[in-house]
Amino acid sequence: MPTPLLAPSLLAGDHANLAASAARVGQLGIPWLHLDIMDGHFVPNLTFGPETLAALRRAGSKLFFDTHLMLSEPHRYVEPFAKAGANLISIHIEPAYDHAGTLARIRALGCQAGIVLNPDTPADAVAHLLDQVDLVLVMTVQPGFGGQAFRPGMLPKLRQLAAWRRERGHTWRLEVDGGIDLANLPDCHAAGADTFVAGTSFFRSPDQAGFAATVARLA
């Protein structure tokens, strides 16, 4: 299993000063920042565009931008996000488009590529793509808004994906996103997750350094 990582979600940061929220993540020695990109169609919310990433880069952020496209047509936007500074771009399996071709395009643009499953999507839906990705993201809430409650029924899906990773000798990261906090994080790790997206629970924590240290101790 890859070394455990915390990926704070900027969606829960200070929207009046996103650069400061990103800088706080870096000050704590956390290398990854999760960016939730929503289009108001695939999910019922609007968030950031490529210019937000570009502005964070101009503000000096050196963080690894873990960019999650919750879009009806993600294949149309991978290039703008890659050019804006994304390091990894994850796309959902649910919309109908050329998933394999889009993953290949992401890699051709110099980024790592990820595939994402919504809570009601079975692990089997991405089985044919597992040799083409650097990360698999399991949503443990219905995407669209932060602050939702974790759904423990997603743990078997994590275990199934982790088993396939082990059996096939793959090295991709297994990420979990949705209601992740210090109470359920150990269960996700035990199920095979190694990358933990935390939004509300991290940015509202009175001890963000302790939150990060808890993840580091999972290794």
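Results, tabulated for the structure shown:
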read-out: Conditions (1) surrounded by fewer than 22 Cβ atoms within 10 Å (Cβ to Cβ); (2) closer than 27 Å to Gly169 by Cβ; number of the one not met by Gly85; value: (2)
read-out: Unmet requirement for Ile91, which otherwise passes all of (1) modelled with pLDDT of 95 or more; (2) outside any strand (DSSP E or B); (3) farther than 23 Å from Met1 by Cβ; value: (2)
read-out: Subset of segment 79-88 that is in a loop (DSSP other than H, G, I, E, B) and among the small types (Gly, Ala, Ser) - its residue that is farthest from Leu69 (Cα to Cα); value: Gly85
read-out: Count of segment 100-141 residues which are over 14 Å from the mean Cα position of the chain (by Cα) and polar (S, T, N, Q); value: 3
read-out: Residue within segment 57-69 that is out of contact with any Gly (no Cβ under 6 Å at 6 or more places or on another chain), at pLDDT 95 or above and in a helix (DSSP H, G or I) present; value: yes
read-out: Test: residue in segment 14-26 that is closer than 23 Å to Leu109 by Cβ, surrounded by fewer than 20 Cβ atoms within 10 Å (Cβ to Cβ) and among the aliphatic types (A, V, I, L, M); value: no
read-out: Helices (runs of 4 or more DSSP H) wholly inside segment 131-215 containing at least 3 residues that are in contact (Cβ under 8 Å) with a residue 12 or more places away in the chain and under 17 Å from Ser90 (Cβ atoms); value: 155-168
read-out: Residue match in segment 39-52 (condition: under 16 Å from Leu10 (Cα atoms), of a type in the set (Val, Ile, Thr) and at pLDDT below 95); value: yes
read-out: Meets criteria (in contact with a Gly (Cβ under 7 Å, 6 or more places away or on another chain), over 23 Å from Leu35 (Cα atoms) and modelled with pLDDT of 95 or more) for Ala191; value: no
read-out: Filter result for the condition that a residue is of a type in the set (Val, Ile, Thr) and assigned to a helix (DSSP H, G or I), over Val43, Val25; value: Val25
read-out: Extreme residue, surrounded by the most Cβ atoms within 10 Å (Cβ to Cβ), among residues of segment 181-196 that are in contact with a Leu (Cβ under 7 Å, 6 or more places away or on another chain) and among the acidic types (Asp, Glu); value: Asp194
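This table checks each residue for (1) in contact with a strand residue (DSSP E or B) (Cβ under 8 Å, 6 or more places away or on another chain); (2) exposed (fewer than 14 other Cβ atoms within 10 Å of the Cβ).
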{"site": "Leu56", "(1), (2)": "yes, no"}
{"site": "Gly60", "(1), (2)": "no, yes"}
{"site": "Arg76", "(1), (2)": "no, yes"}
{"site": "Pro95", "(1), (2)": "no, no"}
{"site": "Thr102", "(1), (2)": "yes, no"}
{"site": "Cys111", "(1), (2)": "yes, no"}
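The values are calculated or read from the model by the stated rules, or taken from the named source; none is laboratory data. Predicted model only: the values in this text are computed from it and were never measured. Note that we place each Cβ from the backbone using ideal geometry, even for glycine, and neighbour counts take in every protein chain shown.
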